[in-house]
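Okay, so here's the structure we're looking at.
The values are calculated or read from the model by the stated rules, or taken from the named source; none is laboratory data. The structure presented is a predicted model; accordingly, all values stated were derived computationally and were not measured. Backbone-built Cβ (ideal geometry, glycine too); neighbour counts: all protein chains shown.
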Amino acid sequence: MNPTGNTILITGGGSGIGRGLAEELHKLGNHVVIAGRRQKVLEETAAANAGMSWMVLDIEQASGIRSFAPELLAKFPRLNAVIHNAGIMRPETLLEQPEDLGDAEAIVATNLLGPIRLTAALIPHFKQQASATIITVSSGLAFVPLALTPTYCATKAAIHSYSQSLRQQLKDTKIEVLEIIPPYVQTNLMDGANDPRAMPLKDFIAETMALLTKQPTPQEIAVERVKFLSEAANRGEYEAVFNTLNAMRY
C-alpha cells in the first residue's frame with residue numbers, strides 16, 4: 001500500500017482502532033474519511049484532526065450502504081482505499097437461546113455482511129483508479145475462538161476467509177487486499193479499555209502502522225502479540241491455546 005496520497009474511508013473511524021488508524025494515516029498526508037453511526041463522535045474526531053472528513057453510516061443496514069456509497073463517491077471521487085474496521089462484539093449463552101436472535105443477527109450484519117456489501121459497492125469505482133486498496137479487519141479470534149463470543153468469532157473467521165478469496169479474485173487487477181489481524185486490544189469493545197491483559201491501543205497502532213507502511217506491504221498485518229493465536233495451528237498448539245484462552249476469559 002502506498003502510505004501517502006490516498007483518499008481512505010475508515011468505517012468505525014471515530015473511536016478505538018479505527019480512530020487510531022485514521023489519525024496516523026491522516027498524519028502521513030492521506031485524506032481520511034471516517035464513517036460510523038455516532039455523528040457526535042465523528043464530529044469530535046474530525047475536529048481534532050484538521051482536514052479529516054466524516055460521514056454517518058449504519059453499516060448494519062443494507063439499505064444504508066446502498067444510499068451511502070453513491071453519496072460517498074460523489075463527495076470524494078478520488079477515493080481509492082477502504083478499511084473495514086466497524087464491528088461489534090457481544091457475549092452469548094448458547095444454551096439459553098431466546099426466540100429473538102437479535103444480537104447474533106446484528107453481529108453478522110455488522111461484522112460480515114457490512115464489509116461484503118460495502119466492498120461490492122466500491123469495487124466498480126476502485127477498478128477505475130490507478131491503484132486501490134481494500135483492508136479488512138479480522139481478529140486473532142478468527143484463528144482460535146473465544147467461546148464466550150461465538151458469533152463474533154465466527155464472523156471474524158469468515159472475514160479472514162473472505163479476504164483470501166477476494167485477494168485471489170482481484171489478483172489481476174490494480175486492487176490489493178490486505179487484512180489487519182488484531183489481538184486483544186485496549187478499546188471499548190467488550191469493555192477492554194482498561195484491561196491490563198489487552199495490548200495498549202497506542203502500541204498496537206504503532207506496530208500496525210509500521211507493517212502497513214512497509215514496502216511491499218504484507219498481505220496479513222499481524223503484530224507479534226496476535227501470533228499466539230493466529231499461528232497456534234501451524235505450531236501444533238491449537239488445543240492448548242484454545243484451552244488457555246478460554247480458561248483465562250471465563
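Within the group 43, 60, 71, which residue is surrounded by 15 or more Cβ atoms within 10 Å (Cβ to Cβ) and charged (D, E, K, R)?
Values: 43 fails: surrounded by 15 or more Cβ atoms within 10 Å (Cβ to Cβ); 71 fails: surrounded by 15 or more Cβ atoms within 10 Å (Cβ to Cβ).
60 is the lone residue from the list that is surrounded by 15 or more Cβ atoms within 10 Å (Cβ to Cβ) and charged (D, E, K, R).
If you check residue 51 against the conditions, is it out of contact with any Cys (no Cβ under 6 Å at 6 or more places or on another chain) and either among the aromatic types (Phe, Trp, Tyr) or surrounded by fewer than 17 Cβ atoms within 10 Å (Cβ to Cβ) (or both)? It is true that residue 51 is out of contact with any Cys (no Cβ under 6 Å at 6 or more places or on another chain) and either among the aromatic types (Phe, Trp, Tyr) or surrounded by fewer than 17 Cβ atoms within 10 Å (Cβ to Cβ) (or both). Mind listing just one residue for me: the one in region 143-167 that is touching a strand residue (DSSP E or B) at 6+ places or on another chain (Cβ under 9 Å) and either of a type outside the set (Phe, Trp, Tyr) or under 20 Å from residue 103 (Cβ atoms) (or both) and, of those, surrounded by the fewest Cβ atoms within 10 Å (Cβ to Cβ)? So the residue we want is 164.
Does any residue of region 93-109 turn out to be touching a Ser or Thr at 6+ places or on another chain (Cβ under 8 Å), outside any helix (DSSP H, G or I) and either within 23 Å of residue 163 (Cβ to Cβ) or of a type in the set (Phe, Trp, Tyr) (or both)?
Taking region 93-109 as the starting set, the residues that turn out to be touching a Ser or Thr at 6+ places or on another chain (Cβ under 8 Å) are 103-104, 107-108.
Next, only the ones that are outside any helix (DSSP H, G or I) stay: none.
The answer is no, given that none of the residues of region 93-109 is touching a Ser or Thr at 6+ places or on another chain (Cβ under 8 Å), outside any helix (DSSP H, G or I) and either within 23 Å of residue 163 (Cβ to Cβ) or of a type in the set (Phe, Trp, Tyr) (or both).
Of everything listed in (1) in contact (Cβ under 8 Å) with a residue 60 or more places away in the chain; (2) touching a helix residue (DSSP H, G or I) at 6+ places or on another chain (Cβ under 6 Å); (3) over 14 Å from residue 90 (Cα atoms); (4) of a type in the set (Gly, Ala, Ser), the single unmet condition for residue 147 is (3).
Of the residues that make up region 125-132, is at least one at pLDDT 95 or above, surrounded by fewer than 20 Cβ atoms within 10 Å (Cβ to Cβ) and part of a helix (DSSP H, G or I)? So that I can check it myself, show each step before the final result.
Of region 125-132, the ones at pLDDT 95 or above are 125-132.
Then drop every residue that is not surrounded by fewer than 20 Cβ atoms within 10 Å (Cβ to Cβ), which leaves 125, 127-131.
Checking the rest, the ones that are also part of a helix (DSSP H, G or I) come to 125.
For region 125-132, residues at pLDDT 95 or above, surrounded by fewer than 20 Cβ atoms within 10 Å (Cβ to Cβ) and part of a helix (DSSP H, G or I): present.
Is it the case that some residue within region 100-116 is touching a Pro at 6+ places or on another chain (Cβ under 7 Å), under 22 Å from residue 57 (Cα atoms), modelled with pLDDT of 95 or more and crowded, with 21+ Cβ neighbours inside 10 Å?
Filtering region 100-116 down to residues touching a Pro at 6+ places or on another chain (Cβ under 7 Å) leaves none.
Scanning region 100-116 turns up no residue that is touching a Pro at 6+ places or on another chain (Cβ under 7 Å), under 22 Å from residue 57 (Cα atoms), modelled with pLDDT of 95 or more and crowded, with 21+ Cβ neighbours inside 10 Å.
Please verify whether region 200-222 includes one or more residues that are surrounded by 18 or more Cβ atoms within 10 Å (Cβ to Cβ), closer than 22 Å to residue 104 by Cα and touching an Asp or Glu at 6+ places or on another chain (Cβ under 6 Å). Within region 200-222 (the criterion being surrounded by 18 or more Cβ atoms within 10 Å (Cβ to Cβ), closer than 22 Å to residue 104 by Cα and touching an Asp or Glu at 6+ places or on another chain (Cβ under 6 Å)), the answer is no, since none of the residues qualifies.
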